[in-house]
1. Residue 33 - would you say it is touching a helix residue (DSSP H, G or I) at 6+ places or on another chain (Cβ under 8 Å) and farther than 30 Å from residue 13 by Cβ?
2. Given the conditions (1) modelled with pLDDT of 80 or more; (2) within 22 Å of the chain's Cα centre (by Cα); (3) in a loop (DSSP other than H, G, I, E, B), which single one is not true for residue 72?
3. Report whether or not residue 18 is outside any strand (DSSP E or B), among the basic types (Lys, Arg) and at pLDDT below 90.
4. From the list 55, 43, pick out the single residue that is surrounded by 11 or more Cβ atoms within 10 Å (Cβ to Cβ) and at pLDDT 85 or above.
5. Provide a single number: the residues in the stretch 93-103 that are free of Cβ contacts under 8 Å to residues at least 24 places away in the same chain and among the aliphatic types (A, V, I, L, M).
Amino acid sequence: MHDRIAELEREIESLRARLDALAEQGAPGRTSLRIHRRCPVCDHRSVLRIERIADRSQGAIEALAPLIQPGFLEQKALGQFVVYVCRQCGLAEWYVARIEEIPLDHPSVRVAEGPPKPPEGSGPFR
């Protein structure tokens with residue numbers, strides 16, 4: 001029985017080390033072009049950051065924005081799209097820079113809340 005407990009403790013230590021390593025590098029499927037500068041599809045390590053995405057409107061080329069605030073003489077872009085693109089496979093991730101400019105009461109905005117976080121220490125890893 002003592003040998004079995006010692007074996008299980010070694011296995012637990014091994015699993016903890018593997019979890020720590022995954023947390024350091026980002027677990028598969030949770031890698032982000034923006035954060036990790038690594039493609040979750042092809043594992044390529046070269047990423048483009050495109051900060052001004054062009055949008056053709058009324059004969060002019062404007063920066064693509066998540067929302068437009070109408071005005072009397074001109075419209076105002078709210079937020080700014082930023083795209084990260086893998087240079088090998090072309091995977092693209094869109095993000096919104098200047099998110100604080102997006103008004104929560106705008107008619108086009110709906111807040112979708114996720115479930116509440118579980119209490120600290122209630123997960124499988126204590």
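The values are calculated or read from the model by the stated rules, or taken from the named source; none is laboratory data. Remember, predicted model here, so these are calculated numbers, not experimental data. No Cβ is skipped: glycine too gets one built from the backbone with ideal geometry, and neighbour counts run over all protein chains shown.
1. Working: touching a helix residue (DSSP H, G or I) at 6+ places or on another chain (Cβ under 8 Å): no; farther than 30 Å from residue 13 by Cβ: yes.
Spelling it out, it is not the case that residue 33 is touching a helix residue (DSSP H, G or I) at 6+ places or on another chain (Cβ under 8 Å) and farther than 30 Å from residue 13 by Cβ.
2. All conditions are met except number (2).
3. Numbers: outside any strand (DSSP E or B): yes; among the basic types (Lys, Arg): yes; at pLDDT below 90: yes.
Here the answer is yes, as residue 18 does meet what is asked.
4. Values: 55 fails: at pLDDT 85 or above.
Answer to the check: 43.
5. Adding up the residues that qualify gives 1.
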